[in-house]
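Each remark here refers to the structure printed beneath this line.
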Amino acid sequence: MIKKIDHIGIAVKSIDETLPFYTDTLKLELLGIEEVESERVKVAFLQVGESKIELLEPTSEESAIAKFIEKRGEGIHHVALGVESIQARIDEIKEIGIQMIQDVPKKGAGGAMVAFMHPKSTGSVLYELCEKTGKGE
């Protein structure tokens, strides 16, 4: 069901201020920066072995990331689990009583289809199901 940890999402106030720690200090490769307008967030992906770190910067005070930072501060936001057949995984998870934030996947950063499990059902951890097709999996 789960192929790997695809990425760990980290909420930050500023990618520009945070990025040098990851690229200069940790020597991680920056794969790219993009804006996901639907989520009001700018993201930067960094390669860590077969997984990635996703830095998430809010582009609006109304974004979920801005609200997260306001409530909890900067830090780990979610763990993304790489899956195949994301809709089938959502259906299976719901069948065993896990509450989903999205019942159908939506387009996320990097062209992935994503859906989040509600932390109330997962021991207070926000998990993202992430299905990628094509290059860069």
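Any read-out appearing in this document is the output of simple, stated calculations on the displayed coordinates, not a laboratory observation. All figures in this text were calculated on a predicted structure; none of them were measured in a lab. FYI the Cβ positions are ideal-geometry reconstructions off the backbone, even for glycines, and counts take in every protein chain you see.
Values for this structure:
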quantity: Reachable lysines, given that their alpha-carbon falls under 24 Å from the alpha-carbon of K13 and they are not under 8 places away in the same chain; calculated: K27, K42, K52, K67, K71, K107
quantity: Estimated FRET transfer efficiency (K106, I5; beta-carbon r; R0 25 Å; 0.05); calculated: 0.75
quantity: Local electrostatic count, H78, Cβ distance below 10 Å [Lys/Arg +1, Asp/Glu -1]; calculated: -2
quantity: Residues with amide H under 5 Å from that of I101, placed H, sequence gap 5 or more; calculated: F116, M117, H118
quantity: In sequence order, calculated HN-Hα J values of region 30-39 (Karplus, 6.51, -1.76, 1.60; Hz; x Gly/Pro); calculated: 7, 8, x, 10, 8, 10, 9, 4, 4, 9
quantity: Label of the coordinate-derived value, Rg and Dmax of the Cα atoms in Å, listed as (i) 19.3, 66; (ii) 14.6, 45; (iii) 13.3, 37; calculated: (ii)
quantity: Amide H within-cut-off set for V41, under 5 Å, with H built and near neighbours excluded; calculated: V36, T59
quantity: Inter-part distance where region 1-62 and region 72-126 are each reduced to a Cα centre, Å; calculated: 17
quantity: Amide hydrogen neighbours beyond the local backbone of E74, cut-off 5 Å, H modeled; calculated: none
quantity: Among 71-82, 26-37, the order from most to least packed when residues are scored by Cβ within 10 Å on average; calculated: 71-82, 26-37
quantity: Using alpha-carbon coordinates, inclination of helix 86-95 to the longest axis of the chain, degrees; calculated: 60
quantity: Stretch gain in nm, segment E84-R40, where the contour uses 0.36 nm per residue and the Cα spacing is subtracted; calculated: 13.2 nm
quantity: Among P20, A44, F68 the positive-end extreme of the charge dipole of region 2-131 (Cβ point charges); calculated: F68
